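Read-outs throughout are calculated quantities, based only on the coordinates presented, and are distinct from any laboratory measurement. Quick caveat, the model's predicted, so the values are computed rather than measured.
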Amino acid sequence: MALFSYKAMDARGRLVRGEMDAINQVDLEMRLKRMDLDFINGAPVKRTALFRGASVPRRELINFCFHLEQLTRSGVPILEGLTDLRDSLSHPRFREIIAGMIESIEGGRTLSQAMREHPKVFNTVFCNLVRAGEATGNLPEVLKSLNESLKWEDELASQTKRLFMYPAFVGTIVVAVTVFLLVYLVPQMASFIKNMGQALPLQTRLLIATSDAFRQFWYLFVGLPVAAVIGLNAMIRVNPAARLRFDDLKLRLPIIGPILRKIILSRFAGIFAMMYASGIPIIDAVRTTRDIVGNVVIEDGLKRAGQMIAEGQNVTTAFHNLGMFPPLVIRMLRVGENTGALDTALLNVSYFYNRDVKESIDKIQAGIEPAMTLLLGAILGWVMLSVLGPVYDVITKLKV
């Protein structure tokens, strides 16, 4: 399919503009007609690599899962439910995606097959779970589990954003104050301090040298960090070994590394539990979930676990041999596997990590505020000591 931009008119006579995937203009006109829109004109859109496949906000997916779950649980047919959802959506891109799914289902595809046509919105795990729900007749329960998983991801993203908002705000103030001091205040005071005709203390000489270097080579101070970030991202994308070392370094970082590991393992355990409870074979569940962890080190570990399970080892032994899970988690998995409630044990593991992550984030957030305040105070104190120290010495000598 190609992406078309279109102009149409709704039932109230208002012009509607947007974009939609279609085979050709005839197909575009038919799709718009099913949305109660009268086609006026349209043209193909050339997609660039930068903007290809506009994403859909997570909140829209949460509402989609919730409403579709309620409709299917009430016995409403999928097509009618999707049509109602399409008409109630306010997000234009998601509305067009749902319209395309309706077309695909009318053409003979299942819901999961229609979702696979939009991988930027519905990932492999999402589609596999929906397919399992269709096969077992438990689609409402699968949608409910997906809804809860998406809400957890949204809550975690909100907590992480809140964690970094204060440091980002204070860090911006620190950088702005430092630049102001080095570019404007210190040069103004430097000439006065040098003309006092006395030996300057070490901290004053360092401050003046830093100010001169920043004023003369400011483009290096600004450009080098940006170039380093761009170069690191490029190296990670094209070099698998560099990506492996970088992901391993992230997990080894003090404070941040353990939290990141817990977040990844919590997400893995929750999604693995959903897939296992939906009837997806363990090997397929491990193979699918390892592709969404977002870390090559843990992905390689899960790949080894899948191989061990395929060779006949049980889940508990395979995860224990990886060395990624603590003994408490391994014991929970062993009990769950022995009692036939592995999905419940995995959900308990996910809850265990979720609670640990929240507590760790709260502790870090409580410690960041005084740390950033101390950093700002230390910078201002160094500048004030370096500038006012020589002035105070002169004033003291004058009094004597």
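For the reader, a short list of remarks on this structure follows.
- Restricting the calculation to Cα atoms, the chain shows an Rg/Rh of 1.12 when the hydrodynamic-style radius is the Kirkwood one.
- Segment 158-233-segment 101-145 distance, computed between alpha-carbon centres (Å): 53
- In the chain, the longest principal axis of the Cα atoms and the axis of helix 342-399 are about 20 degrees apart.
- The sum of -39500 (n - 2.57) across all DSSP H runs of n ≥ 4, divided by the residue count of the chain, sets its helix-only mean residue ellipticity at 222 nm to -24500 deg cm²/dmol.
- Using alpha-carbon coordinates, inclination of helix 240-252 to the longest axis of the chain, degrees: 70
- On Cα atoms only, tilt of 139-180 relative to the major axis of the chain in degrees: 20
- Tail weight of P(r) past 25 Å, computed on alpha-carbon pairs of segment 265-400, percent: 46
- Phi-derived couplings, Karplus 6.51 cos²θ - 1.76 cosθ + 1.60 at θ = phi - 60°, listed residue by residue for segment 63-68: 5, 4, 5, 5, 5, 5 Hz, with x used for Gly and Pro.
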